[in-house]
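Participant: Shown below is the structure under consideration.
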Amino acid sequence: MGAATSLSAADLRQIDTQLAATDTLLDTNYPGDDGSRQPVHTVYVPADLFAPGLAAEWGGQALHAAAARGGLARLGSLLGFADDLAEAISTRVETKLSSEPIEDLRLDFEDGYGNRGDEAEDEDAANAARLVARSVAEGTAPPFIGIRFKGLETSTRARGLRTLDLFISGLVTAGELPDGLVLTLPKVTTVDQVQAMGYAVGRLEDVHSLPAGRLRFEVQVETPQLILGPDGTSPVARLAHAVPGRISGLHYGTYDYSASLQISAEYQSMEHPVADFAKEVMQLAVAGTGIRLSDGSTNVIPVGDGVDDAWRLHGRLVRRSLERGYYQGWDLHAAQLPSRFAATFGFYRQGLPAAALRLRAYADLTARDRAAPVGAGSGILDEPATARSLAGFVLRGVQCGAVGAEEALAVTGLGLARLTLLAHPRLDAGSLAGTPGADA
C-alpha cells in the first residue's frame, strides 16, 4: 500500500491550470541554447570591399603581422602564457589563420560604409548578394556571413530596409540562403524598432516563400535607452519576448554606447564601468532564451610602433570577456586576429585539464551513486547546472579549434555527442547521430 497523500487529483489539476501560462512561457520563450556553434568573433568590413578571397587575405596578413614581430609563440608569451603553452597555442593559431581566419564576417552598410547615395548603395547591396552567394558556393566564405544595414531611425529607415531587401532578394535569386546567414540591426533604441524588423523579415519570408522564422537577426545594443527606458524598465529584457525566435544575438556597441553617456573618448572602452553595467543587464535579459551575446571591439589596432602594447591590450580584453561569459567579440583589423585566437585558445587550453577532471568525476558519479561525496578525485561535487557549463566550455574549445575532438574525448572520456547532450539536455539525441565520438 502506498504512502497516504493529502492533495487530490482535482488539486493537482488546479495547479496545472494555474501554471499553464508559465509552462508555455518557459517552453516557448526560454528554450535554452540550441547547441549550435557560436563564432568567437565578428569581423566588420565596408561592404564594397568584400571579395570571395577576403578571409584568406586577412589570414595571410595576420600571419605576416605575427611573423614580423617574432612569431606566434612570442605573441603567446606577450599575452602571459608559459613557454610550453605559448608554443602549443602558436601551432593551433597558425593552423587557424591558414584555414579559417574569419569565423563570422559582416559586410557593413552602416558606420563603416556611410552615406554614398542611393544609386551607389543599391549597386553595392546587389553586388554583395552576388559575391556572398559565389563565395559560399566556392567554399571561400566564413562559416557565418551577412550584412549590417542602416538602422530603423527616421533618417536611415528607408535606406536600411532597401539594402536589406536587395541583399536578401539577391541571395534568393542566386539560390538557397547560406546556412550561416546573419543579419545585424544597429542603433536600436526601442522595442518597437525590433518588432518592425520582425515584420520586415517576416514579409521577406512570405514574398520569397521562405520557411517561417528562417530570417533571424542580431540586435546591436548601442543606446542607453535600450538598457533603461523612460518608464524605468529595461526594454532589452522585452526584446526576446516581443519577437520570439527572431533574435539570434545581442551585440554590445562599445563606442556608440559610451559616447551616448558622454564618456570622454580617451576612456571609452569595453571595460569601462558603463560597459560592464550594460553587458550585465544584457546577460540577465537573455538568460535561458537561446540568444547569444557578443562583446564589442577595441579601436587600438596593432600597427606602427605600438604593436606589442596593442596585442597585450586586445588579448587581455578578449580574455576578460571570456571570463565574464561573453564568448564572442568584434575585430576590426587583420592584425587583431593573432591576438584574438591566441587569447581565446589560451583560455580554453588553460581551463581544459580542470574541466576534464570535473567532467570525468561528474560522469562517474552519475553512473554510480549521486549521493557519493565526490567522484574521481576532483574534490568538487558539481551540480548538474555546473556540469552543463563544464561540457559547454569543452565544446566551445573544440568548435573554435583550441581543442581537438579526439583530445576532448581522451581527457574527458566523453564523445562530442555526449558532451553536447550534457551541455544541452533539451536536444534530441537522435539529431546527434554521426557526431564524432557519439558512442563514447
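The values are calculated or read from the model by the stated rules, or taken from the named source; none is laboratory data. Quick caveat: nothing in here was measured; it's all calculated off a predicted structure. Cβ sites come from the backbone with ideal geometry, for glycine too, and all protein chains shown count toward neighbours. The protein model used for the area step is the full one, side chains on, heavy atoms only, and it has no ligands, DNA or RNA in it. Shrake-Rupley method; radii C 1.70, N 1.55, O 1.52, S 1.80 Å.
Participant: Pairs needed: first member in the stretch 43-57, under 13 Å from LEU337 (Cβ atoms); second member anywhere, in a helix (DSSP H, G or I) and open to solvent by 20 Å² or more (accessible area, probe 1.4 Å); C-beta distance under 8 Å; at least 6 residues apart or different chains.
Facilitator: Matching pairs, first to second residue: VAL43/TRP58.
Participant: Spot the failing condition for VAL93; the list is (1) under 21 Å from the mean Cα position of the chain (by Cα); (2) part of a loop (DSSP other than H, G, I, E, B), and only one is missed.
Facilitator: (2)
Participant: Give me the pairs: first residue in the stretch 195-217 and within 17 Å of PHE149 (Cβ to Cβ) and in a loop (DSSP other than H, G, I, E, B), second residue among the polar types (S, T, N, Q) and open to solvent by less than 80 Å² (accessible area, probe 1.4 Å), beta-carbon distance under 6 Å, and six or more apart or on different chains, which are they?
Facilitator: From residues that are within 17 Å of PHE149 (Cβ to Cβ) and in a loop (DSSP other than H, G, I, E, B), the pairs are ARG216/SER248.
Participant: Is it the case that LEU85 is closer than 29 Å to ARG316 by Cα and over 24 Å from the mean Cα position of the chain (by Cα)?
Facilitator: Details: closer than 29 Å to ARG316 by Cα: yes; over 24 Å from the mean Cα position of the chain (by Cα): yes.
Considered against the rule, which asks whether it is closer than 29 Å to ARG316 by Cα and over 24 Å from the mean Cα position of the chain (by Cα), LEU85 comes out as yes.
Participant: Looking at the stretch 205-226, is at least one residue over 22 Å from LEU164 (Cα atoms), open to solvent by less than 10 Å² (accessible area, probe 1.4 Å) and modelled with pLDDT of 95 or more?
Facilitator: Yes, the conditions are met somewhere in the stretch 205-226.
Participant: While we're here: Among the helices (runs of 4 or more DSSP H) contained in the stretch 10-85, which hold 3 or more residues that are closer than 24 Å to TYR327 by Cβ? Outline the logic, then answer.
Facilitator: Values: elements: 20-29, 54-68, 72-78.
Ranges flagged: 54-68, 72-78.
Participant: Looking at (1) free of Cβ contacts under 8 Å to residues at least 40 places away in the same chain; (2) part of a helix (DSSP H, G or I); (3) touching a Gly at 6+ places or on another chain (Cβ under 8 Å), can you tell me which one GLU280 breaks?
Facilitator: Here GLU280 clears every test but (3).
Participant: Let me ask you something else. Scan the stretch 306-326 and tell me whether some residue there is assigned to a loop (DSSP other than H, G, I, E, B), open to solvent by less than 50 Å² (accessible area, probe 1.4 Å), closer than 21 Å to ILE227 by Cβ and not basic (Lys, Arg).
Facilitator: Taking the stretch 306-326 and keeping what is assigned to a loop (DSSP other than H, G, I, E, B), we get 324-326.
After this cut, where a residue has to be open to solvent by less than 50 Å² (accessible area, probe 1.4 Å) as well, the list is 325-326.
From what is left, the residues that are closer than 21 Å to ILE227 by Cβ are 325-326.
From what is left, the residues that are not basic (Lys, Arg) are 325-326.
Checked against the condition, which is being assigned to a loop (DSSP other than H, G, I, E, B), open to solvent by less than 50 Å² (accessible area, probe 1.4 Å), closer than 21 Å to ILE227 by Cβ and not basic (Lys, Arg), the stretch 306-326 yields at least one hit.
Participant: Looking only at helices (runs of 4 or more DSSP H) that fall completely inside the stretch 370-440, which ones have 3 or more residues that are modelled with pLDDT under 55 and loosely packed, with under 15 Cβ neighbours inside 10 Å? Even if it seems obvious, please write down each step before you answer.
Facilitator: Values: elements: 384-400, 405-412, 416-423.
Helices (runs of 4 or more DSSP H) meeting the threshold: none at all.
Participant: For GLY296, only one of the following conditions fails: (1) in contact (Cβ under 8 Å) with a residue 40 or more places away in the chain; (2) part of a loop (DSSP other than H, G, I, E, B); (3) under 25 Å from ARG312 (Cβ atoms); (4) open to solvent by 30 Å² or more (accessible area, probe 1.4 Å). What is its number?
Facilitator: So the condition that GLY296 fails would be (4).
Participant: Of the conditions (1) among the small types (Gly, Ala, Ser); (2) closer than 30 Å to LEU395 by Cα; (3) at pLDDT below 95, ALA4 fails just one. Which one is it?
Facilitator: Here ALA4 clears every test but (2).
Participant: Tell me, which residue of the stretch 228-272 that is more than 20 Å from ALA196 (Cβ to Cβ) and of a type in the set (A, V, I, L, M) is least open to solvent (accessible area, probe 1.4 Å)?
Facilitator: Taking the candidates together, the pick is MET270.
Participant: What are the residues in the stretch 230-271 that are among the hydrophobic types (A, V, I, L, M, F, W, C), in contact (Cβ under 8 Å) with a residue 24 or more places away in the chain and in a loop (DSSP other than H, G, I, E, B), if any? Break it down stepwise before answering.
Facilitator: Kept after step one, since they are among the hydrophobic types (A, V, I, L, M, F, W, C), are these residues of the stretch 230-271: 236-237, 239-240, 242-243, 247, 250, 259, 261, 263, 265, 270.
Subset that is in contact (Cβ under 8 Å) with a residue 24 or more places away in the chain: 236-237, 239-240, 242-243, 247, 250, 261, 270.
Within the stretch 230-271, VAL243, LEU261, MET270 meet the criteria.
Participant: Quick one: how many residues across the stretch 228-249 are of a type in the set (Val, Ile, Thr) and either farther than 16 Å from GLN283 by Cα or touching a Gly at 6+ places or on another chain (Cβ under 6 Å) (or both)? It would help to see each step written out before you state the result.
Facilitator: Taking the stretch 228-249 as the starting set, the residues that turn out to be of a type in the set (Val, Ile, Thr) are 233, 236, 243, 247.
Subset that is either farther than 16 Å from GLN283 by Cα or touching a Gly at 6+ places or on another chain (Cβ under 6 Å) (or both): 243.
Within the stretch 228-249, residues that are of a type in the set (Val, Ile, Thr) and either farther than 16 Å from GLN283 by Cα or touching a Gly at 6+ places or on another chain (Cβ under 6 Å) (or both) number 1.
Participant: If you go through the stretch 340-369 one residue at a time, how many are under 18 Å from the mean Cα position of the chain (by Cα) and modelled with pLDDT under 75?
Facilitator: 0
Participant: Please determine whether any residue of the stretch 139-159 is assigned to a helix (DSSP H, G or I), open to solvent by less than 60 Å² (accessible area, probe 1.4 Å) and β-branched (Val, Ile, Thr). Explain how you work it out, then say what you get.
Facilitator: The first filter runs over the stretch 139-159 and keeps only residues assigned to a helix (DSSP H, G or I), leaving 157-159.
This time we only want the ones that are open to solvent by less than 60 Å² (accessible area, probe 1.4 Å), so: 159.
Now restrict to residues that are β-branched (Val, Ile, Thr): none.
Checked the stretch 139-159: no residue is assigned to a helix (DSSP H, G or I), open to solvent by less than 60 Å² (accessible area, probe 1.4 Å) and β-branched (Val, Ile, Thr).
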